[in-house]
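S.K.: Structure in structure tokens, see below.
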């Protein structure tokens with residue numbers, strides 16, 4: 001059996017032969033080159049006004065810098081934190097550090113990066129009960145300068161995302 005992401009996003013999921021009901025909490029999914037340009041529009045469509053970006057030095061160069069410019073050009077106040085620890089894990093140190101730098105006024109989190117950044121942002125979004133926009137910049141070294149992006153959004157409302165799509 002195959003089910004499309006669109007079907008999962010627009011329906012209450014499906015009953016599986018394994019006996020479980022499968023669904024996706026994603027509300028929006030944008031895949032393609034240049035979709036990062038939709039970021040201000042998407043933030044506004046969720047009624048949010050103060051995003052918090054979490055990244056590392058590589059993902060900042062791949063997509064974070066562009067996100068910051070878009071926010072500034074659209075006069076959207078934001079906060080940003082760059083994880084500097086080498087080989088981080090989504091442990092209490094990284095989550096605590098990310099939470100400490102997240103202003104109380106922020107109402108949405110933007111994950112600019114892969115596994116650790118996405119996982120850390122999912123934890124913060126679930127704890128603060130606000131939406132998460134998750135990016136997965138295509139970080140193949142040959143494509144880094146082309147800056148391909150995947151952005152997806154989910155309203156967590158107390159539910160954790162099961163798995164954010166990624167580009168391989």
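S.K.: Taking the criterion of being closer than 17 Å to residue 125 by Cα, under 16 Å from the mean Cα position of the chain (by Cα) and touching a residue at least 24 places away in the same chain (Cβ under 8 Å), would at least one residue in the stretch 56-76 satisfy it?
M.R.: no
S.K.: Which of the numbered conditions does residue 18 fail, given that it passes all the others? Conditions: (1) at pLDDT 80 or above; (2) closer than 25 Å to residue 99 by Cα; (3) out of contact with any helix residue (DSSP H, G or I) (no Cβ under 7 Å at 6 or more places or on another chain).
M.R.: (2)
S.K.: For the stretch 89-104, does any single residue satisfy the condition of being surrounded by fewer than 19 Cβ atoms within 10 Å (Cβ to Cβ), in contact with a strand residue (DSSP E or B) (Cβ under 6 Å, 6 or more places away or on another chain), modelled with pLDDT of 85 or more and farther than 16 Å from residue 50 by Cβ?
M.R.: The answer is no, given that none of the residues of the stretch 89-104 is surrounded by fewer than 19 Cβ atoms within 10 Å (Cβ to Cβ), in contact with a strand residue (DSSP E or B) (Cβ under 6 Å, 6 or more places away or on another chain), modelled with pLDDT of 85 or more and farther than 16 Å from residue 50 by Cβ.
S.K.: Could you list, in sequence order, the residues of the stretch 31-40 that are on the phi < 0 side of the Ramachandran plot and over 15 Å from the mean Cα position of the chain (by Cα)?
M.R.: 33
S.K.: How many residues, within the stretch 69-103, are touching a helix residue (DSSP H, G or I) at 6+ places or on another chain (Cβ under 7 Å) and within 16 Å of residue 133 (Cα to Cα)?
M.R.: Going through the stretch 69-103 one residue at a time, the tally reaches 8.
S.K.: Further, regarding this structure: Please indicate, with yes or no, whether at least one residue in the stretch 77-87 is in contact (Cβ under 8 Å) with a residue 60 or more places away in the chain and in contact with a strand residue (DSSP E or B) (Cβ under 9 Å, 6 or more places away or on another chain).
M.R.: No, that holds for no residue.
S.K.: Can you find a residue that is under 27 Å from residue 33 (Cα atoms), modelled with pLDDT under 50 and either in contact with a strand residue (DSSP E or B) (Cβ under 9 Å, 6 or more places away or on another chain) or not in a loop (DSSP other than H, G, I, E, B) (or both) anywhere in the stretch 115-127?
M.R.: Scanning the stretch 115-127, I find no residue that is under 27 Å from residue 33 (Cα atoms), modelled with pLDDT under 50 and either in contact with a strand residue (DSSP E or B) (Cβ under 9 Å, 6 or more places away or on another chain) or not in a loop (DSSP other than H, G, I, E, B) (or both), so the answer is no.
S.K.: Taking the stretch 35-57 as the region of interest, how many residues are buried (at least 22 other Cβ atoms within 10 Å of the Cβ) and out of contact with any strand residue (DSSP E or B) (no Cβ under 9 Å at 6 or more places or on another chain)?
M.R.: Adding up the residues that qualify gives 0.
The values are calculated or read from the model by the stated rules, or taken from the named source; none is laboratory data. This structure is a prediction, so every number in the text was calculated from the model and none was measured. FYI the Cβ positions are ideal-geometry reconstructions off the backbone, even for glycines, and counts take in every protein chain you see.
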